[in-house]
Amino acid sequence: MREKELRQHAVCSLCEQPIGRAGVPMFWVVKIERHGLKVDVLMRQQGLAMQLGGNGFLAQVMGPDEEMTTPIGEASTLTVCLTCATDRALPVSAMEGVVQDEDYAERVPR
Ligand SMILES: [Zn+2]
């Protein structure tokens, strides 16, 4: 990561404090993507595997290799400081909302 990109990650997305505030020179970049499963594709692939004697690996090679998920919404990229990475218990779905909700960090207990 070069300087320009590092500057974009200088502040923690969760606590809005500088990433180095814990005194340890490291941080996390967390990419969150939500996917929906395509149940019809999964069932079709499972059916093929059953026709091939239950061999999922063979079905993977013989099958159409379709997309089995649909991305839901835009991916979120969060910068997380050491303190937030180790001391917070926060559901991924709540972290996903941090990017859209700028006041979220203030309301979440630490
Ligand atoms: Zn933080």
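The values are calculated or read from the model by the stated rules, or taken from the named source; none is laboratory data. Since the structure is predicted, the reported quantities are computational estimates derived from the model, not experimental observations. Heads up, the Cβs are rebuilt from the backbone with ideal geometry, glycines too, and the neighbour counts pull from every protein chain shown.
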Report task. Examine the range 50-58 for a residue that is within 24 Å of the chain's Cα centre (by Cα), farther than 21 Å from residue 97 by Cβ and part of a helix (DSSP H, G or I), and state whether such a residue exists. Result -> no
Query raised in the report: Are there any pairs, at least 6 apart or on different chains, whose C-beta atoms fall under 9 Å, with the first in the range 80-91 and free of Cβ contacts under 8 Å to residues at least 12 places away in the same chain and more than 13 Å from residue 9 (Cβ to Cβ) and the second of a type in the set (A, V, I, L, M) and in a loop (DSSP other than H, G, I, E, B), and if so, which?
Result: 86/22
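From the list 79, 86, pick out the single residue that is at pLDDT below 95 and among the polar types (S, T, N, Q). Lay out the reasoning, then the answer.
On the way: 79 fails: at pLDDT below 95.
Selected residue: 86, the only one of 79, 86 that is at pLDDT below 95 and among the polar types (S, T, N, Q).
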Query raised in the report: Out of all the residues in the range 16-23, is one or more of a type outside the set (Lys, Arg), within 16 Å of the ligand (Cβ to nearest atom), within 18 Å of the chain's Cα centre (by Cα) and surrounded by 15 or more Cβ atoms within 10 Å (Cβ to Cβ)?
Result: no
Query raised in the report: Mind checking which residues of the range 38-79 are touching a residue at least 24 places away in the same chain (Cβ under 8 Å) and β-branched (Val, Ile, Thr)?
Result: 41, 69, 70, 72, 77, 79
Report task. Of the numbered conditions (1) touching a Leu at 6+ places or on another chain (Cβ under 8 Å); (2) free of Cβ contacts under 8 Å to residues at least 60 places away in the same chain, residue 25 fails exactly one; give the number of that condition. Result -> (1)
Requested in this report: Name the single residue, out of those in the range 24-49 being surrounded by fewer than 12 Cβ atoms within 10 Å (Cβ to Cβ) and within 16 Å of the ligand (Cβ to nearest atom), that is nearest to the chain's Cα centre (by Cα).
Outcome: 26
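I'm trying to understand the selection: among the residues of the range 1-23, which are out of contact with any Ser or Thr (no Cβ under 9 Å at 6 or more places or on another chain), within 29 Å of residue 91 (Cα to Cα) and not basic (Lys, Arg)?
We begin by selecting, within the range 1-23, every residue out of contact with any Ser or Thr (no Cβ under 9 Å at 6 or more places or on another chain); these are 1-7, 16, 18, 20, 23.
Filter again for within 29 Å of residue 91 (Cα to Cα), leaving 1, 5-7, 16, 18, 20, 23.
Listed by number, the residues that qualify are 1, 5, 6, 16, 18, 20, 23.
In the range 24-59, what residues are under 30 Å from residue 5 (Cα atoms) and of a type in the set (Lys, Arg)?
Step one: of the range 24-59, the residues under 30 Å from residue 5 (Cα atoms) are 24-35.
Across the range 24-59, the qualifying residues are 31, 34.
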